[in-house]
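The structure is given below, and queries will be raised subsequently.
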Amino acid sequence: MQPNYTSPQPQQINNNMTMSIVAIFFCWPLAIPAIINASKVNPLIQQGDYAGAQAAAAESKKWSKWALIVGIALWVISIVCCALGGLGAIMGADTSTTSY
């Protein structure tokens with residue numbers, strides 16, 4: 001019987017590229033480091049640097065989450081401000097038709 005010499009399968013590490021690209025639409029300054037780190041994951045896996053690939057994936061995930069959190073918070077704040085501004089305009093509107 002012949003021994004089976006196969007190379008071990010490389011570890012699968014999620015590079016978080018999808019989340020990084022989505023994050024660009026919410027807060028692009030924070031999404032850029034996420035995309036840069038996500039693009040480092042696959043080459044590091046091919047080089048056999050699994051620890052480096054995991055660290056790059058973790059950095060990518062961290063920056064993506066911050067971009068999403070900041071972006072969503074800014075959207076919510078702007079919607080609330082617009083709603084309050086519109087409400088203030090309606091409440092403070094002068095409806096009298098007195099002419100001088």
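Can you tell me how much longer the chain between GLN46 and CYS81 gets when fully stretched, taken as 0.36 nm per residue apart minus their C-alpha distance, in nm with one decimal?
Working: separation 35, 0.36 × 35 = 12.60 nm, distance 4.88 nm.
My answer for the length gained is 7.7 nm.
Next up: Can you sort CYS81, CYS27 by how many other beta carbons sit within 10 Å, fewest first?
Details: CYS81 10, CYS27 22.
The fewest-first ordering by Cβ neighbours comes to CYS81, CYS27.
With θ taken as phi - 60° and the coefficients 6.51, -1.76 and 1.60, list the Karplus ³J(HN,Hα) couplings across region 75-92 in order, rounded to whole Hz; mark glycine and proline as x.
4, 4, 4, 5, 5, 5, 4, 5, 5, 5, x, x, 5, x, 5, 5, 5, x
Mind listing the Cα extents of region 17-90 along all three principal axes, in Å, largest one first?
63, 15, 14
Each residue of region 40-50 in turn: what ³J(HN,Hα) in whole Hz from Karplus with 6.51, -1.76, 1.60 and θ = phi - 60°, glycine and Pro shown as x?
7, 5, 4, x, 5, 5, 5, 7, x, 8, 5
None of the figures in this text is laboratory data; all of them are computed from the coordinates on show. Not measured: the values here are computed from a predicted model. Virtual Cβ from ideal backbone geometry, glycine too; neighbours counted across all protein chains shown.
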